[in-house]
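The values are calculated or read from the model by the stated rules, or taken from the named source; none is laboratory data. It should be emphasised that the depicted structure is a prediction, and the values quoted were computed from it without experimental measurement. Backbone-built Cβ (ideal geometry, glycine too); neighbour counts: all protein chains shown. With ligands, DNA and RNA removed, areas are computed over all heavy atoms of the protein, side chains included. Shrake-Rupley method; radii C 1.70, N 1.55, O 1.52, S 1.80 Å.
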Amino acid sequence: MERNDIAAVLDEIATLLELTGENPFKIRAYSSGARVLEGLAEDLDVLIAEGRLADVPGLGEALVEKITVLRRDGALPFHQKLRASVPAGLLEVLQIPGLGPKKVRALWKELGVEDLAKLKEVCEAGAVAELKGFGAKTQTKILEGIKNRVAYGKRHRWYQAAAVAEPILAGLRALPQVVHAESAGSLRRNRETVGDLDFLVASSDPAPVMDWFVARPGVKEVTAHGETKSSVRFENGLQADLRVVPAAQFFFALHHFTGSKEHNVAMRHRALGRGLSMSEWGFKPVDGGTVAPGAASEEEVFRALGLPWIPPELREGNGEIEAAEAGALPDLVRHEQIRGVFHNHTTESDGDATLEQMAAAAEGRGWEYLGVSDHSKSSFQARGLDEARLAAQVAAVARLNASGRFRVRVLAGSEVDILRDGTLDFADDVLAGLDFVVASVHNLFTLDREAQTARIIRAVENEHVDMLGHLTGRLINRREPYEVDIPKVIDACAANGTCIELNANPWRLDMDWRWWRHAAEKGVLCSINPDAHDVEQLGFTEHGVRVARKGWLTAGQVLNTRPLAGVLDWLGR
DNA sequence: GCCGTTTTCGGCCCGACTGTTTTCAGTCG
């Protein structure tokens, strides 16, 4: 069984244990074990073989044993037994807002609820309202939750959430009662998807702010309306929370609600080690004696714990606190450091803008170079170029550069298809005539993991391939990544000096941020590629920068922060 | 189940809000 599948089993064990009423700390150990496993930088097989898995913080004797069995056998008797003891449908019941393990367990034991259908039935019969600890309101809320479970469970892609958040944040800042306003949560951490919006406001007069918030257009339901917290649900299912705190607590609250949960747990642990209890309201001395430090900025929150400010993107509990303590936080790449972009399309294949329009737009963005890489002939659905059309495009690019019409230098490339066996859609002598080559998989997504990995590695090994396009083919919320051994591909890229693309299309954001730190440590260069199909989409680059930052990347690790001369030098042209 | 300046047991982050209760349990983040 592969690593992420093992992590999924650990998560399921945690959920099943909740329903059986297990010790919450044991449950936490399983889910945090799953997170640790997902974030493992080293090869799992190597760690198991060398007996070093138990050295990983968060993995003890029991989890090491279970992970080892799952890796070896693909199944775990403990897990199977647990599954058999809990109706499978209860996992869905647990997804209904307002229903946690205790309530689900009561519904199961008292009313025989084993799935959503039965839950709906007992609610409609009025039996739930009669149950101890339940009532009429809860029953209504459950029915609503069942009806809307698809919309409520959905996570939204970052830029969709950002588009909803921006006007609300601007509106909050314009209110006379508001001193500070920020968005927090996964939006601030630049996650690829956002489950709900978190707004944070500093004000000494919260009531009007709360009232303004719950009256936003598009609000379908107000799920909480208190003194410091209100929650609303929009028509599209997106939930938004607003917290209002006094100005003195604002930066503690901002830190707290930015998260992640794992980061906060680690910070609180660190605070306790210094005799301080930490919450969204600030520090409190554990012994009640000394005066706890306040904070007039987020920097001061970190400084109080002996740390430099940690950028929100890094706050995932992946070693950012240790890095901060060691003075080893990366100087994250910034959007203004981008000097040009590769991998863009024109009307020659499936783009909507001509070569000239794209060049003009790139120049307008102040870039020094623009890589054009239309599809190759196998991608006939995208009007892929054959050798003759490619030669004509290369000539057109040369003429455009020679004309002096634009200061931006256009680089002639190709997004060449990787064929089934890992050979490429163009012969080596054709590729040799290009400024750069992006190799991408566009078909056969269902090859098994071994075949897909071998196919991609063979392409990476071609001396003419400069970068590997959208490594996993995922479309966020729409299509799962295909099966591929990412660490092996990273190793192959490192060995062959091949760059990996960070495809900045907001549907893709591929390779995923979770792998970049590891890839960079292996010496693999990143290229942030918009994969633009029109002039507007050149702006996707900023999504790519956000993901690169989340992946701990510095400017030095991103190819297209280099000036034109440096890029030409790297390409060997 | 994990972990150790609390070291093989006994802790484990902290608080708001709701609904069902007459003081608090459960959920959520």
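Cβ-Cβ distances below 6 Å connect the following pairs, each with a first residue in the stretch A:105-127 that is farther than 14 Å from A:K147 by Cβ and touching a residue at least 24 places away in the same chain (Cβ under 8 Å), a second residue that is among the β-branched types (V, I, T) and surrounded by 18 or more Cβ atoms within 10 Å (Cβ to Cβ), and a separation of six or more residues or different chains: A:L107/A:V113. If you check A:F445, A:F406 for being within 26 Å of A:R474 (Cβ to Cβ) and among the aromatic types (F, W, Y), only one passes: A:F445.
Taking the stretch A:244-264 as the range and being among the small types (G, A, S), within 11 Å of DNA strand B (Cβ to nearest atom) and assigned to a helix (DSSP H, G or I) as the test, only A:A253 passes. Against the condition over 35 Å from the mean Cα position of the chain (by Cα) and modelled with pLDDT of 90 or more, how does A:E124 come out, does it pass? So A:E124 fits the description; yes.
If only residues of the stretch A:278-308 that are exposed (fewer than 14 other Cβ atoms within 10 Å of the Cβ) and hydroxyl-bearing (S, T, Y) are counted, the one that is nearest to DNA strand B (Cβ to nearest atom) is A:T290.
So in the stretch A:230-243, with the set limited to residues that are closer than 18 Å to A:K141 by Cβ and open to solvent by 30 Å² or more (accessible area, probe 1.4 Å), which one is farthest from DNA strand B (Cβ to nearest atom)? By that ranking, first place goes to A:E235. For the stretch A:324-348, enumerate the residues that are assigned to a helix (DSSP H, G or I) and surrounded by 18 or more Cβ atoms within 10 Å (Cβ to Cβ). Correct list: A:A324 only. Of all residues in the stretch A:156-176, none are within 11 Å of DNA strand B (Cβ to nearest atom) and open to solvent by less than 40 Å² (accessible area, probe 1.4 Å). For A:A125, the conditions (1) open to solvent by 20 Å² or more (accessible area, probe 1.4 Å); (2) closer than 23 Å to A:K261 by Cβ; (3) out of contact with any Phe, Trp or Tyr (no Cβ under 8 Å at 6 or more places or on another chain) all hold with the exception of (2). Screening the candidates A:V201, A:V222 for the property of being in a strand (DSSP E or B) and either open to solvent by less than 40 Å² (accessible area, probe 1.4 Å) or more than 15 Å from DNA strand B (Cβ to nearest atom) (or both) yields one hit, A:V201.
On the given criteria, is A:G98 loosely packed, with under 13 Cβ neighbours inside 10 Å, modelled with pLDDT under 90 and not charged (D, E, K, R)? Here the answer is yes, as A:G98 does meet what is asked.
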